[in-house]
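One structure below.
The values are calculated or read from the model by the stated rules, or taken from the named source; none is laboratory data. Predicted model only: the values in this text are computed from it and were never measured. FYI the Cβ positions are ideal-geometry reconstructions off the backbone, even for glycines, and counts take in every protein chain you see.
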Amino acid sequence: MDNKRNLVLFIATSLDGYIATKDESLEWLFNVEGEGDSGFSEFYETVDTVLLGKRSYDWVMKQDIEEFPYKNKECYVFTRSSIDDNEDVKFVNDDVTEFVDKLKSKGGKNIWIVGGGELLHSFIQKKLVDEIILTVTPTLIGNGIPLFREGEYNLDLSLIGMRKFNQFVELHYLVKNH
């Protein structure tokens, strides 16, 4: 049995490929009618580790939340600064490839890249992403923070699943060329 942990991008995107507006708003996402939690809880059970960039972590912490949303998971925040860990998060500024390879070599469930764009870009360029699960919203934003940045990379994907949650469409891909 293969116990390999996959690094999975699970994220919502506008139809025109943005993950947030320029001012980091997700209002456009919450205005779309989903179905239940549009597959989030089911996905969340498949991971035991979450990775965020510092800007995404700061955005989460600015929201009106009662407790840290990834409390029951091992959580790492990539930052260029030297920041002390807290009860919910370990801050890392290690080389992403070495760090991810170390995580993948440990036993456990999958690893979730929560965001953001800069961290995802470095993971894609270094071919660390194993699966991509996109939830596409029927919204055009026109500009904002792009899901995939321009860069020198090429990933071949294989579509392994599609689901519809009312107005949302989930596309599930495996990355083929590692």
For segment 114-129, give me each residue that is modelled with pLDDT under 90 and either in a strand (DSSP E or B) or over 16 Å from the mean Cα position of the chain (by Cα) (or both).
Gly115
Looking at Leu147, Leu140, Leu128, Leu155, which one is over 23 Å from Thr49 (Cα atoms) and in contact with a strand residue (DSSP E or B) (Cβ under 6 Å, 6 or more places away or on another chain)?
Leu155
Might you check whether a residue that is part of a loop (DSSP other than H, G, I, E, B), touching a strand residue (DSSP E or B) at 6+ places or on another chain (Cβ under 7 Å) and within 19 Å of Trp59 (Cβ to Cβ) occurs anywhere in segment 99-113?
no
Residues located in segment 60-99, provided they are hydrophobic (A, V, I, L, M, F, W, C) and within 14 Å of the chain's Cα centre (by Cα)
Val60, Cys75, Val77, Phe78
Restrict the check to segment 83-102 and report whether at least one residue is under 20 Å from Leu29 (Cβ atoms) and either without any contact (Cβ under 8 Å) to a residue 24 or more places away in the chain or not aliphatic (A, V, I, L, M) (or both).
no
Matching entry among Gly142, Gly115 (being closer than 24 Å to Asn31 by Cα and surrounded by fewer than 20 Cβ atoms within 10 Å (Cβ to Cβ))
Gly142
Those helices (runs of 4 or more DSSP H) completely within segment 1-88 that have 2 or more residues that are loosely packed, with under 14 Cβ neighbours inside 10 Å, at pLDDT 95 or above and among the small types (Gly, Ala, Ser) are none
Among (1) surrounded by 15 or more Cβ atoms within 10 Å (Cβ to Cβ); (2) modelled with pLDDT of 95 or more, Phe148 falls short only on (2)
Could you list, in sequence order, all residues of segment 145-169 that are closer than 23 Å to Glu24 by Cβ and part of a strand (DSSP E or B)?
Ile145, Pro146, Phe168
